Amino acid sequence: MASYNVSGPDNLLITGCDMPILFKPDNMQIAQNIDLLQTVFDSVPNGIAVMQSQYNPEGVVEDFSILLLNERMLRWVGNADYKGKMCREVFPFANESGMLDSFTKVAEAGRSIDFERWYDDNEGVNRCFHFRVIKHGELLIVTTEDISLRKKAEIALTEALNSAERQQRLYDSIINNTPDLVYVFDLNYRFTYANKALLSMWGKTADESIGKGLRENGYEEWHALMHEREIDNVIATGKRIRGTVSFPHAELGRRIYDYIFAPVFNEQGVVEAIAGTTRDITDFKQAEEHLQQSEAKLKSVIDQTPAATLVLRGDDLVIEQINHTMLQFIGEDIQVIGKPLIEVLPELEGQYVWTQVQKVYKEGIPFDQSEVLVRHKRNGTIQDHYYNLAYRPLMEDGQITGMIQVAIDVTEQVVARKRLEESENRYRVLSETLEQQIIDRTRELQRSNEDLQQFAHVASHDLKEPVRKIKTFTDRLEKNLAGKLDEEGAKFIERIHIATNRMYNMIDGVLTYSTTNAGIQNCELVDLNGIIKNIETDLEVTLQNTGAQITSNDLPVVEGARVLLYQLFYNLINNSIKFVAPGTVPAIIISSENTNKGDADSVRIILRDNGIGFEQEFAERIFETFTRLNSKDSYEGTGLGLSLCKKIVERHGGNITASGNPGMGASFTITLPHKQKQALI
């Protein structure tokens, strides 16, 4: 997303793109562009802030002034009067949350970062925000995204997963600690699994029992034959069977057991094993008569059950008992006892859950399923709900007389998971779209850059040719009119020479500036002392004519492009020699010092001169292209030298600043990393 700021009365700087773009429109264009960009800036769904680093006297970032907030960010901070204020004043919890420290790291190290923080918004709602902070010059671009829903969904999902894991552990614990006998047969009547209760009944270990048949595990012949016939029946029909049998326990003597054999199907629907459960119902049988005579006691147990529970009786499935939790699901104000379930909840007709209710009652087959969608009324409003359901038939004298239903509401967990899945799908599609857009934009920019480089070369060549002809014919004219021109005519010829030379230099300057980033340069170790000596050699005639003195001491060795670093210091030294007051002997002093800002190991090089200086308010403008603070008739130059210096320094991952006073000289501070991050720049 692009953002912008007005850096001067004639300038409009657009950032947030692949590279900053500087426009110098007229007043009407400025207004139109600002309106358009403000509309775009405010339309994005994320919050955006543009801030400028504020330094203490030691040059350390201590805060940031707020330049611009878009509408989304403004709504979050709730401070319309933000411009010019510090980050500590505008952003809530800037210090306590470490937000300001994160901003400072980006400002000092220059690397973008991402982080997340939880805050209470203006309405007291706890929200989570994702921050991305990018440095652009002395500006920080901060974007925020409200990820509260995703975070809360992740938390809900984690809780659901933890709950599922707890249920699994509970299941394993129940299987191996339940007094019920749990086991599995293969198709040849051999045991492939037996839980602890069954092994205890046999008085054997798993190694002694698994892989062996009924008789080898102590079953009497009649008992073994009965179970083998039942296993054959389950294999042939694919249906479960249930029975009761009495046989001796190794420790408790003769007991009565209720058992169920159920088929285990493979992916092709073929029975591949038989799972069995056997429950000791000796005590139950003895207490069954007393329990049937005590309906009030049974009702108390159901009422105290934390899960929603419902007892239905008869062919019409009339509600006989219902606990408070189930009543909340249906509606607390409804009188339901004695009414058929379908009369209380007619919306169940035709739904999957109602089909299963009827199947359990008609066939006597228990029903267990998780996350079943049930659309029904709750306090007068029909909504979608998800339940973990368990239905069991109620038997009397071998006949089905009713059923018991148990339900656990898992709507919140299911909805949270579905939202998370939808969010992940949206993010995946968005990521793929953005990646393609980046590829297309990169290809487009590369093509545009190539076109611009070609244009620069062609334009500079075409411009040089007419200038060269003007210079040639002026020379011929001067020779032909030698001795014939009066003083005023000679002065006109001289002005033509000066103008053509200036035009020629201007064309060379534009070409140099436009192609500074065109060629990829190899990084190598560059001794800056050697660079200065080479410049002194190349400027030997100028130094002799002006008497200029260059003083440097123990300059460092840095990684970089030798030709670009030469151009950097050549331009600075040449400017210092050029821009001096009449009668002043140029004096240039170059010093250096190491500096560690953040994680960067860098060097600071300071060049001071005794030239004409400048007003400090122009310290940034002098690096803009074609900017001149002095009359071109007083001092030669194209206005491109310092802008080229800035371009070279930034290409090396550094920065350059200037300070000065009129008539008291200027100082240029260059910060360069000792090592480059890449082999080519």
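The values are calculated or read from the model by the stated rules, or taken from the named source; none is laboratory data. This structure is a prediction, so every number in the text was calculated from the model and none was measured. Methodologically, a virtual Cβ is constructed for each residue, glycine included, from the backbone with ideal geometry; neighbour enumeration extends over all protein chains shown.
Assorted remarks:
- When G560 is tested against (1) surrounded by fewer than 18 Cβ atoms within 10 Å (Cβ to Cβ); (2) closer than 23 Å to S643 by Cα, exactly one condition is not met: (1).
- Residue check for T325: at pLDDT below 90, part of a helix (DSSP H, G or I) and hydroxyl-bearing (S, T, Y): yes
- The number of residues in segment 353-390 being exposed (fewer than 15 other Cβ atoms within 10 Å of the Cβ), aliphatic (A, V, I, L, M) and under 24 Å from S163 (Cα atoms) comes to 1.
- Filtered residue count, segment 108-139, keeping only those that are touching a helix residue (DSSP H, G or I) at 6+ places or on another chain (Cβ under 6 Å) and either of a type in the set (G, A, S) or within 24 Å of T671 (Cβ to Cβ) (or both): 3
- The lone criterion from (1) modelled with pLDDT of 90 or more; (2) small (G, A, S); (3) under 26 Å from the mean Cα position of the chain (by Cα) left unmet by G213 is number (3).
- Residue within segment 542-556 that is free of Cβ contacts under 8 Å to residues at least 24 places away in the same chain and in the same structural domain as R608 (by TED's automatic domain parsing) present: yes
- Filtered residues of segment 395-426 (kept if more than 34 Å from the chain's Cα centre (by Cα) and buried (at least 17 other Cβ atoms within 10 Å of the Cβ)): G402, M403, I404, Q405, V406, A407
- Any hit, segment 496-514, residues being modelled with pLDDT under 85, surrounded by fewer than 14 Cβ atoms within 10 Å (Cβ to Cβ), more than 30 Å from N610 (Cβ to Cβ) and not assigned by TED's automatic domain parsing to the domain that holds T669: no
- Selection of segment 370-400 for residues being in contact with a strand residue (DSSP E or B) (Cβ under 9 Å, 6 or more places away or on another chain), closer than 22 Å to P346 by Cα and among the polar types (S, T, N, Q) yields Q383, N388.
- Residue within segment 570-580 that is touching a Phe, Trp or Tyr at 6+ places or on another chain (Cβ under 7 Å), crowded, with 18+ Cβ neighbours inside 10 Å, in a helix (DSSP H, G or I) and among the hydrophobic types (A, V, I, L, M, F, W, C) present: yes
- Residue-level check: of (1) over 25 Å from the mean Cα position of the chain (by Cα); (2) modelled with pLDDT of 80 or more, N27 misses just (2).
- Here is the figure for segment 519-557: residues that are modelled with pLDDT under 90, part of a loop (DSSP other than H, G, I, E, B) and surrounded by 13 or more Cβ atoms within 10 Å (Cβ to Cβ) total 3.
- All positions within segment 652-681 that are hydrophobic (A, V, I, L, M, F, W, C) and within 16 Å of E620 (Cβ to Cβ): I656, A658, A666, F668, I670
- Among the residues examined, S65 does not qualify as at pLDDT below 80 and either under 27 Å from the mean Cα position of the chain (by Cα) or surrounded by 14 or more Cβ atoms within 10 Å (Cβ to Cβ) (or both).
- When R229, R255 are screened for being over 52 Å from the mean Cα position of the chain (by Cα) and in a strand (DSSP E or B), only R255 passes.
- Single match in R190, R240 (criterion: closer than 18 Å to A273 by Cβ, out of contact with any helix residue (DSSP H, G or I) (no Cβ under 8 Å at 6 or more places or on another chain) and outside the structural domain of P366 (by TED's automatic domain parsing)): R190
- Flag if E478 is at pLDDT 75 or above and not hydroxyl-bearing (S, T, Y): yes
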